[in-house]
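Report on one structure; see the data block that follows.
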Amino acid sequence: MAEVNTGDGGGGHGKHDKKRAKKLSTRIDMTPMVDLAFLLLTFFVMTSTFNKAKTMEINFPADEPDKEKQQKVNNALTFIMSKDNSIYYYYGEFFPANNKNGKPATELTKTDFSKDGLHKLLLDKNKGTVEAINKLSEQLKIREIADTTYKRLAVNAKGDKTALTVLIKADDKAVYKNVIDLIDELNVCQVGKYAVVDMMPAEFELVTAAGTK
Amino acid sequence: MPKIKMPKANPSLDMTPMVDLAFLLVTFFMLTASVRVSEPVVVDTPSSTSDKILPDNVLLVSIDRFGKAFFNISNPQVRISTLDRMGEQHKIKFTDEEKKRFGAMTSIGVPIDKLKEYIKLDDSQRQKVKSPGIPVDSLDNQLGEWIQFGRIEAAKQARGEKDKAESLGREFKYEPMRFAIKADGAASYIAVQDIIKIFTKKDIYRFNLITNLEQPEE
């Protein structure tokens, strides 16, 4: 292979020759070459980046023709992101103060990105789905169901009618990181139905009031 | 008494296998290494637990922390034909040399009328230029045009490749162009939303948001 000719190897050919060439050492000093090879190796190892960028796939809703029209959603949790990484949320439908239906006005509750804040809240509100998925993964572990079945059932559980729906809204003081963190937390907490939507003016007033308090 | 003769060991050992391996690795790393041209903008993406890998064929819009937009298409052919279309739209003629250089560039963050000068610069000069970002106003929505033309040209390119593959009797695997958004974690969400609105106006609703991988806490 990469063996260089040594003295006896060359001697075999020249057996029948009368004239013998002057015996030169055919061994080349390979040290500089090897040095260079390792130098290059180190360089490429150091500079190569293995990790490709990771992404999060998300669908955004199309622009609705009628912005004021509220969508009726069951089991909806609305998050409003504001300045200094604060999150406000309310559960269910939004009722402005002095509404026609005579319902009490919606009040915002404040939470944060800590484990006892958002994570706990989401797990609590999404209990049904989390339990269903935990049960499925138990079944997967003991090989009661195949992994493709597991995936299908998990998607079904997340898209279930009774599953939690989350609406994400952000005001002008929120940063992009907040939204990504929130979506990430939703993924961790098995919330399958979520959408990033525009804020209503009434909500904006509430958040501004809550922020200045 | 005869002296105990130590067997004379050859002090030089055969390094051939090691060298073979070293060269093999060098070759591997050289071939897998991709030339990374420096981006005109530093974007510090937020982290998430998502471990999906970004597809190869993307149209990328980067948003820096001040909300400036930068545009990139990964496929060089599509980049060049998109530039052609943009030039037509804005009555700017780009030479073949300029197109070639543009094909090898990364994200751009300059308005179309400044692009000619920007292409002329070399890589180290480009580093010093402060890009103003691509205009995204509703009056002069160049980012929207870039997206529109990029999408059309990508579809044309895919069609061309498909026809070529079919005429040669080969199977063609269509990989649609994805729309990626790489925004800085500190960018205002409203700025990102404005750019997403540009996409949704063009009936593009599905995005890949680029994030760093975060190790989940246990």
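The values are calculated or read from the model by the stated rules, or taken from the named source; none is laboratory data. Only a predicted model underlies this, so the values are computations on that prediction, with no experimental measurement involved. FYI the Cβ positions are ideal-geometry reconstructions off the backbone, even for glycines, and counts take in every protein chain you see. The area values use the complete protein model at the heavy-atom level, side chains included, leaving out ligands, DNA and RNA. Shrake-Rupley method; radii C 1.70, N 1.55, O 1.52, S 1.80 Å.
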Please go through the stretch A:170-203 and give me each residue that is within 12 Å of chain B (Cβ to nearest Cβ), of a type in the set (A, V, I, L, M, F, W, C) and surrounded by fewer than 20 Cβ atoms within 10 Å (Cβ to Cβ), ordered by number.
A:Val188, A:Ala195, A:Val197, A:Met199
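Each row is one residue, and each column tells you yes or no for (1) modelled with pLDDT of 85 or more; (2) more than 8 Å from chain A (Cβ to nearest Cβ).
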position	(1), (2)
B:Pro17	yes, yes
B:Val35	no, yes
B:Val43	no, yes
B:Ser48	no, no
B:Lys52	no, no
B:Leu60	yes, yes
Looking at A:Leu140, A:Leu167, can you tell me which residue is in contact with a strand residue (DSSP E or B) (Cβ under 6 Å, 6 or more places away or on another chain), open to solvent by 30 Å² or more (accessible area, probe 1.4 Å) and either at pLDDT 80 or above or within 14 Å of another protein chain (Cβ to nearest Cβ) (or both)?
A:Leu167
So, in the stretch B:80-103, exactly how many residues are more than 25 Å from B:Ala180 (Cα to Cα) and either surrounded by 20 or more Cβ atoms within 10 Å (Cβ to Cβ) or of a type in the set (A, V, I, L, M) (or both)?
1
Do we have B:Ile190 as surrounded by fewer than 18 Cβ atoms within 10 Å (Cβ to Cβ), farther than 18 Å from B:Leu60 by Cβ and of a type in the set (Val, Ile, Thr) here?
yes
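Each row is one residue, and each column tells you yes or no for (1) without any contact (Cβ under 8 Å) to a residue 60 or more places away in the chain; (2) open to solvent by 20 Å² or more (accessible area, probe 1.4 Å); (3) over 27 Å from B:Ala186 (Cα atoms); (4) over 20 Å from the mean Cα position of the chain (by Cα).
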| residue | (1), (2), (3), (4) |
| --- | --- |
| B:Pro7 | yes, yes, yes, yes |
| B:Asn57 | no, yes, no, no |
| B:Val78 | no, no, yes, no |
| B:Met105 | no, no, no, no |
Test result for B:Met15, surrounded by fewer than 19 Cβ atoms within 10 Å (Cβ to Cβ) and either among the aliphatic types (A, V, I, L, M) or in contact with a Pro (Cβ under 9 Å, 6 or more places away or on another chain) (or both)
yes
